[in-house]
Amino acid sequence: PDGTVDTSRTYRLGIMGGTFDPIHIGHLACAEQARDAFDLDAVLFIPAGQPVFKKHQKVTCAADRLEMCRLACADNPAFDVSPIEIERGGDTYTIDTLHQLRDYYPENVELYFITGADAMLSIVSWRNSQGLSKLAHLIAATRPGFVMSDEYRRTLAEHGCFDVSYLEMTALSVSSSMLREWVGQGKSIRYLCPQGVWQYIQDRGLYRASGLGE
Ligand code: ATP
Ligand code: MG
């Protein structure tokens, strides 16, 4: 991911966007299963600065979300974390990120944008997203409880996204909202996120009514 690549072969770089508030085993397993299924050389986790469709919602400060991603990816040489969306500031649009990455990497690096099938719809329906599938292959991971309707496929096609691969992944019924809620209730989330992340949450007092992150 540092841009120093051998130009004689094609590299496949997965891009995993999200709020990661906090990052959990669902995100990591999704990235790993995509890496395996699509033969990706690496997966880059990119925490969103201010996600446009979470505007009405309180999000933990970017530095904490970035650090938790770094802690979660530290032991996997195929995983890396990029601060580009956070450093860009303002509202986060996936299309801007993909343009930025496309300009940065040489042509032999193919981009694979991985996202949950639910989030894919919000992303492609957002304004200015028309060229999304020209910049990256799209991988939609199906989440527990998600049913792919004709309406869903039609909406993607209407937004110019005909080339979407589906990744049926193991059902891990965990979400960041659930983890925030549990921590707020004083419940343990051990094993639902990497140990280093759980430690960081406790050290920083995140997600507690009186915590530093609130
Ligand atoms: P929140 O509950 O706050 O919405 P989240 O758990 O959905 O958080 P996000 O940061 O919104 O996490 O998601 C980042 C990406 O990871 C999205 O593409 C989402 O669809 C996917 N994702 C989230 N949870 C899972 C899971 N359990 N299994 C597979 N993919 C997931
Ligand atoms: Mg979500």
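Just so you know, in region 170-185 the residues that are within 6 Å of ligand 1 (Cβ to nearest atom) and surrounded by 13 or more Cβ atoms within 10 Å (Cβ to Cβ) include one that is farthest from residue 47 (Cα to Cα), and it is 172. Selection within region 96-132: residues that are away from ligand 1 (no atom under 16 Å from the Cβ) and among the polar types (S, T, N, Q). The member of this set that is surrounded by the fewest Cβ atoms within 10 Å (Cβ to Cβ) is 128. Scanning region 114-129 for residues being over 17 Å from residue 69 (Cβ atoms) and within 16 Å of ligand 2 (Cβ to nearest atom) gives a total of 9. Cβ separations smaller than 7 Å between residues 6+ apart or across chains give the following pairs from region 103-114 residues that are under 11 Å from residue 8 (Cα atoms) to residues that are part of a strand (DSSP E or B): 108/11; 109/11; 109/13.
If you go through region 114-141 and keep only what is more than 22 Å from residue 33 (Cα to Cα) and not aliphatic (A, V, I, L, M), you end up with 122, 125, 126, 127, 128, 129, 130, 131, 134.
Right, residue 81: free of Cβ contacts under 8 Å to residues at least 40 places away in the same chain and surrounded by 19 or more Cβ atoms within 10 Å (Cβ to Cβ) or not? Spell out the reasoning first.
Numbers: free of Cβ contacts under 8 Å to residues at least 40 places away in the same chain: yes; surrounded by 19 or more Cβ atoms within 10 Å (Cβ to Cβ): yes.
Answer is yes for this residue.
Within region 115-136, the set of residues being outside any helix (DSSP H, G or I) and touching a residue at least 40 places away in the same chain (Cβ under 8 Å) comprises 115, 116, 126, 136. Filtering region 19-43 to residues that are surrounded by fewer than 24 Cβ atoms within 10 Å (Cβ to Cβ), of a type in the set (A, V, I, L, M) and under 26 Å from residue 204 (Cα atoms) leaves 25, 28, 29.
Just a yes or no: is a residue in region 138-160 charged (D, E, K, R), away from ligand 2 (no atom under 14 Å from the Cβ) and either assigned to a strand (DSSP E or B) or within 20 Å of residue 18 (Cβ to Cβ) (or both)?
First pass over region 138-160, keeping only residues charged (D, E, K, R): 143, 150-151, 153-154, 158.
Narrowing the set further to residues that are away from ligand 2 (no atom under 14 Å from the Cβ) leaves 150-151, 153-154, 158.
Of the ones still in play, those that are also either assigned to a strand (DSSP E or B) or within 20 Å of residue 18 (Cβ to Cβ) (or both) are none.
No.
Every number in this text was worked out from the coordinates using simple rules, so none of it is lab data. Nothing here was measured: the structure is a model prediction, and the numbers come from that model. Cβ atoms come from the backbone with ideal geometry, glycine included; neighbour counts cover every protein chain shown.
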